[in-house]
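So the structure is just underneath, and the comments pick up after that.
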Amino acid sequence: MKRNETYTLEEATRKLEGYCAYQDRCHKEIVTKLKGMGMIPLAIDTVISHLIKENFLNEERFAKSFARGKFKIKKWGKNRIVNELKFRDISRYNIQTALKEIEGPEYFNTLDNLAKKRLKQITEKNSQKRKKKLADYLLYRGWESHLVYDKVNELVG
């Protein structure tokens, strides 16, 4: 996008409708995009309220699909998902709602599979170092520490 390119309110609205239709977005992404297009605060507010009214922009829907996607595809735990949603200025209510998308046995099965897969890749012979490497990996992926330590102690002798 050329820096000196300007957009009318109508053009910006259409462009952002497409941006939101392609994948769920959060308010912060939209504001950043509109600022990058050189839109003034009043125009930004106008476009955002239009997107919300027409259901192109829905923060709860964004939070839910973000949580599902990062869990299923990237195998992130709840801590990492919560931190990423907070970074995107998602409300506490919507974060709690999103976490409900990844509860149940599938959550624990994913942790188990991820831990076993990673353990096979760790070549370290010292069991304490193996435990640390596995725990660090799972914690980095955002899994809750009590679950991580239970799993590490279960898998590493």
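The values are calculated or read from the model by the stated rules, or taken from the named source; none is laboratory data. Since this is a predicted model, take the numbers as computed values, not measurements. Glycine gets a Cβ as well: all are built from the backbone with ideal geometry, and neighbour counts include every protein chain shown.
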*Got at least one residue in the stretch 83-102 being among the small types (Gly, Ala, Ser) and outside the structural domain of SER65 (by TED's automatic domain parsing)?*
no
*Conditions (1) at pLDDT 95 or above; (2) not aromatic (Phe, Trp, Tyr); (3) not assigned by TED's automatic domain parsing to the domain that holds THR32: number failed by VAL47*: (3)
*asked:* With the structure loaded, tell me whether ILE81 is crowded, with 19+ Cβ neighbours inside 10 Å and at pLDDT below 95 or whether it fails that test.
replied: no
*Residue list for the stretch 67-124, filter: among the charged types (D, E, K, R) and either touching a strand residue (DSSP E or B) at 6+ places or on another chain (Cβ under 8 Å) or at positive phi (or both)*: LYS75, ASP89
*asked:* Restricting to the stretch 111-155, and then to whatever is buried (at least 18 other Cβ atoms within 10 Å of the Cβ) and β-branched (Val, Ile, Thr), can you tell me which residue is farthest from GLU59 (Cα to Cα)?
replied: VAL152
*Before we move on, is SER65 polar (S, T, N, Q), closer than 17 Å to GLN23 by Cα and at pLDDT 95 or above?*
yes
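Results for (1) more than 21 Å from ASN83 (Cβ to Cβ); (2) of a type in the set (S, T, N, Q); (3) not in a loop (DSSP other than H, G, I, E, B), shown as yes or no for each residue.
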position	(1), (2), (3)
LYS100	no, no, yes
TYR107	no, no, yes
THR110	no, yes, yes
LYS116	yes, no, yes
LYS120	yes, no, yes
ARG130	yes, no, yes
LYS133	yes, no, yes
LEU139	no, no, yes
